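Here is the structure we will look at, set down as C-alpha cells.
The values are calculated or read from the model by the stated rules, or taken from the named source; none is laboratory data. Note that the structure is predicted; figures quoted are calculated from it, not measured. Using ideal geometry, Cβ is built from the backbone for each residue, glycine included, and neighbour counts are taken over all protein chains shown.
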Amino acid sequence: MDIGKRLSRAAAIAVVTGLALLGGTTTDVGASETEHPEAQDWKFTGPFGKFDIAAIQRGLQVYLEVCSACHSLNQIAYRNLLDLGFNADEVKAIAAEYEVTDGPDDNGDMFERPARPSDKFVLPFANEKAARASNNGAFPTDLSLLAKAHPAGPDYIFAVLTGFDDPPDDVELGDGMNYNPYFSGKQIAMAQPLFEGSVEYSDGTKATVENMARDVANFLHWTAEPEMEDRKRIGWKVVLFLLVLSALLYATKRKVWSSVH
Amino acid sequence: MSSHTQHSGYSVGGLVKWIDSRLPVFTYLQKEYGEFPAPRNFNYWWNFGAILSFMLVLMIFTGIFLAMQYTPHVSMAFDSVERIMRDVNYGWMLRYMHSNGATFFFIAVYIHLFRGLYYGSYKNPRELLWIFGVVILVLMMASAFTGYVLPWGQMSFWGATVITNLFSAIPLVGDWIVTWLWGGFAIDNPTLNRFFSLHFVLPFVIFAVVALHVVALHVTGSNNPLGIDPKGPQDTLPFHPYYTAKDSFGLAVWITLFAAVVFFAPNFFGEPENYLRANPLQTPAEIVPEWYFLPYFAILRSIDFDLWFIDAKLGGVIVMTGSILVLFVVPWLDRSPVRSARFRPVYKWFFWIFLLDCVLLGFVGGHRPDDLVFEGVKQLEFIDLGHVGTAWYFIHFLVIIPVLGMIEKTKPLPTSIAEPVLGGGQAAAGAAAKPMEKA
Ligand code: HEM
C-alpha cells in the first residue's frame, strides 16, 4: 500500500476515534436551562500550568472566614497547608484556632482540644442532618473535590459565586431560594456568600467579589488536585524520555530491517 | 544462547541449560518468540497484540498496588481512593495509570478487533483464536465494570444500579438474580465486597485466556495484511529481531501517548460526577457509562418499544447481548474465501461504514435519547440515530457479511507474500481457504 493511502487511512481512523471520544465526553447535564460558565484565565491550565500560590493563600482565607461556616473540606488536613508555603509554626497556629473532640481519656470521657496539623479541617456541622437543619433543608456540598466533580470545574465555582442576581419576572423563587443562573435549576439554597470587603486581604489585593471568587476557586482547585504540579513536572520528564526512547527504537528498527527491504 | 556453556555448571548459560533440560521454558521462548516465523509484511496494525499484553500487565501491577491501600467498604471506599491520591507516595500516579489504563486498554482492543475484521483474521483456520479474543473482550468488560464501582462515586453507584437492574428483565427469575447479585435487597456493602473480589480475580482469568489466545495463534501462525498464507521461508521473518524491534518501537509510541494523558489530562476520559461520593438517595441528572461502553449503551436504549410478549427492557437486554454474541459467529457468517479487505472491494466499503456506525452508536450513547441531534431540528432525536445505528449493526453482520461472502467479486490475490505483484492472473478463491503451510 502506498504511503499516501496509508496516511489517509490513519487520518480517517484518528478522526473517527476522536469523534467517538468526543461523543463520550460531551454529555450536557440538562444544560438547556442552566447557563454555561464562562471560561476564566487560570494559571494552572495547560501542561505548563502552575499553582498561583498567592491566590490560593488568599482563597484559603476566604474559605476559612466565609465558606467554612457551612461547607466542609473533608479531604484536607491542616498539615496539607505546608504545601502552600506556610511553615510548621504557622500551620500549628492555624490549626490551633479550631477545636476538635478527642478521647476517650483515661476516665472514659471525651474532651475538647485545639486541632493539630495532623487533624482534618474541622467540619462545620456534626452531621448531614444538622447541616440541612441550618440551611433550609439543603446540604452544603463538601468542597474538597468540587473543582473536579463539575464539568466546568473552577469556572463553575467562579460563576456560581459571582452569578447571584435578581430573578427575572417570569421566575418564581422557592422558599429561601436565591436566583443563580449557573446552578442547576437556576435556584440555589445558598444565599450570596461574598460581598465587597467580606474579607480583609493583607497583601493589598482589593477584596472585590470577583477577586475573592477567583481566589477561592484557585484554592478549591488546589484542594481537588494538590498533586498537579508534581504530576506535570514528572510528566515532562517521562514524556521527553519516552520520545527519545521512541526515536532510538525507531532507529534500531530501521537498522534491523535494513537488510530486508 | 547455549554455545559457551560447557565448561561449568555455574555460568548463566549452564544454569539455563540445566533448567531447560528439566523444564524447556527457554527452548519454548526461543521457538515461539525467537525463531517464530512471522509473515514479513505486517503493518503497524499488527502492533496491538504486544500493546495489549503490555496493558494487561500494567493493569495487574497497578491494580495490585492499589488494592494494598484500597478499602472495599461503602463508608470508606471513596475516602480510601482519595487517600491513595493524596497521601500514598505516587498514589495519584498509580490510580491515574490504572483508570486511564482501562481507557487505553479498550482503545487498543477495539483497534485490534477492527484490524481482525478488516483483514479477515477470524477465518479458517483462526476461528478459535478469534473466539478466545471475544471471550477476552467480554472479560475485560466485566473487569472494567466491576472496577468502576470500586471508588464508590456517584457514577460507580448509579452505573452499577442501572447495569445490575438489567438482569431483572429476565422473565420469572430476573428479580431473584438481581437480589443474588447484590447480596441483598439493594446495592450495598455486600455488593461492593463481591465486586472487589471479582475485580481482583477477573484480570488473572483474562491472563489465562490470553495464554490460550497466544497458543492458538502460534499453532495457526499470524494472518497478514494480504491475508494469504506464507508459502515458504522467503515469506516470513524470524520474530526476533524483526518484530521485537518493530513492536518495541510501536509500544514506545503508545506508552508516550498514554503518559501524555496520565500526566497532563488524567480526567479527560472520566466522568466528573464520579468525584462525588455515592449517594443512594440522589440520582444524578444523567447516568452515563464510561466511553468504552457507550455503543452498547446506545444499543440497549434503542429498543424503546414492546415486541409481542417481549417488553422494551428485555428487548434492549437481548439486543445488547446479541451485539456481543454475534461476534462469536462471525467466522461462520463470512463465507468469503478471501481474507483481506484489500482484495474485497465491496466489503472494504462496508467495513468503513460499519466502523462509522459503531462510532455513531458511541455518540448516541453519550446523549439522552430525547435530546435533539441538531439544535432546532425537532424531527431528529438521538433515539432515531440509535434505531438506525442499531439496525445497521445487525444488518452488517447478519445480511451484508453473509451476502457479500456469496456474491462479491474479489480481486486477484498475489501469488505470494514476497511477490506482492498483482494481476498475475491468480484466481482469488481457494488460496485463503487452504490450511496454513508451516514455514
Ligand atoms: C483487565 C484489567 C483491569 C481493568 C480493565 C481494570 C479496570 C478498572 C477501572 C475502570 C477502575 C476504576 C478506576 C477509577 O475510576 O478510579 C478500577 C479500579 C480499581 N482496580 Fe482495576 N482493572 C484491572 C485490573 C485490576 C487488578 C488485577 C487489580 C488488583 C489485583 C485491580 C484493582 C483495582 C482497585 C483496588 C481499584 C480501586 C481504586 C481506584 O478506583 O482507583 N484492578 N479498575
**Asked** Here are some conditions: (1) more than 16 Å from the ligand (Cβ to nearest atom); (2) assigned to a loop (DSSP other than H, G, I, E, B); (3) modelled with pLDDT of 95 or more. Residue B:186 meets all but one. Which one does it not meet?
**Response** (3)
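Has region A:237-257 got any residue that is within 14 Å of another protein chain (Cβ to nearest Cβ) and part of a loop (DSSP other than H, G, I, E, B)? Let's see the steps before the verdict.
Pass one, region A:237-257, residues within 14 Å of another protein chain (Cβ to nearest Cβ): A:237-257.
Now narrow it down to the ones that are part of a loop (DSSP other than H, G, I, E, B): none.
No - not one qualifying residue is present in region A:237-257.
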**Asked** What residue, of B:120, B:101, B:63, is away from chain A (no Cβ under 14 Å), away from the ligand (no atom under 12 Å from the Cβ) and buried (at least 18 other Cβ atoms within 10 Å of the Cβ)?
**Response** B:120
**Request:** Confirm whether residue A:208 is among the hydroxyl-bearing types (Ser, Thr, Tyr) and in contact with a Ser or Thr (Cβ under 6 Å, 6 or more places away or on another chain).
**Result:** no
**Prompt:** How many residues, within region B:249-262, are in contact (Cβ under 8 Å) with a residue 40 or more places away in the chain, more than 19 Å from the chain's Cα centre (by Cα) and within 8 Å of another protein chain (Cβ to nearest Cβ)?
**Reply:** 1
**Request:** Taking the options B:44, B:10, name whichever one is away from the ligand (no atom under 16 Å from the Cβ) and at pLDDT below 95.
**Result:** B:10
**Prompt:** Taking region B:320-351, which residues are under 30 Å from residue B:287 (Cα atoms) and in contact with a helix residue (DSSP H, G or I) (Cβ under 6 Å, 6 or more places away or on another chain)?
**Reply:** B:320, B:323, B:326, B:327, B:328
**Prompt:** Out of region B:347-380, which residues are surrounded by 15 or more Cβ atoms within 10 Å (Cβ to Cβ) and away from chain A (no Cβ under 14 Å)?
**Reply:** B:347, B:350
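Suppose we filter B:279, B:267 for residues that are within 10 Å of another protein chain (Cβ to nearest Cβ), surrounded by fewer than 21 Cβ atoms within 10 Å (Cβ to Cβ) and within 18 Å of residue B:77 (Cβ to Cβ); which single one remains?
Numbers: B:267 fails: within 18 Å of residue B:77 (Cβ to Cβ).
Just a single option satisfies the conditions, and that option is B:279.
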**Prompt:** Of the residues A:82, A:145, which is in the same structural domain as residue A:219 (by TED's automatic domain parsing), at pLDDT 95 or above and either within 20 Å of the chain's Cα centre (by Cα) or basic (Lys, Arg) (or both)?
**Reply:** A:145
**Prompt:** Is it the case that region A:195-214 has a residue that's assigned to a loop (DSSP other than H, G, I, E, B) and not assigned by TED's automatic domain parsing to the domain that holds residue A:62?
**Reply:** no
**Request:** Could you tell me whether residue B:327 is in contact (Cβ under 8 Å) with a residue 12 or more places away in the chain and in contact with a Pro (Cβ under 6 Å, 6 or more places away or on another chain)?
**Result:** no
**Asked** Does residue B:302 meet the test of being surrounded by 15 or more Cβ atoms within 10 Å (Cβ to Cβ), more than 14 Å from chain A (Cβ to nearest Cβ) and more than 23 Å from residue B:45 (Cβ to Cβ)?
**Response** yes
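Matching residues to (1) polar (S, T, N, Q); (2) at pLDDT 95 or above; (3) not assigned by TED's automatic domain parsing to the domain that holds residue A:152:
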residue	(1), (2), (3)
A:20	no, no, no
A:37	no, yes, no
A:58	no, yes, no
A:62	no, yes, no
A:94	no, yes, yes
A:110	no, yes, yes
**Asked** Does residue B:81 satisfy the criteria of being touching a Lys or Arg at 6+ places or on another chain (Cβ under 9 Å), in a helix (DSSP H, G or I) and within 12 Å of the ligand (Cβ to nearest atom)?
**Response** yes
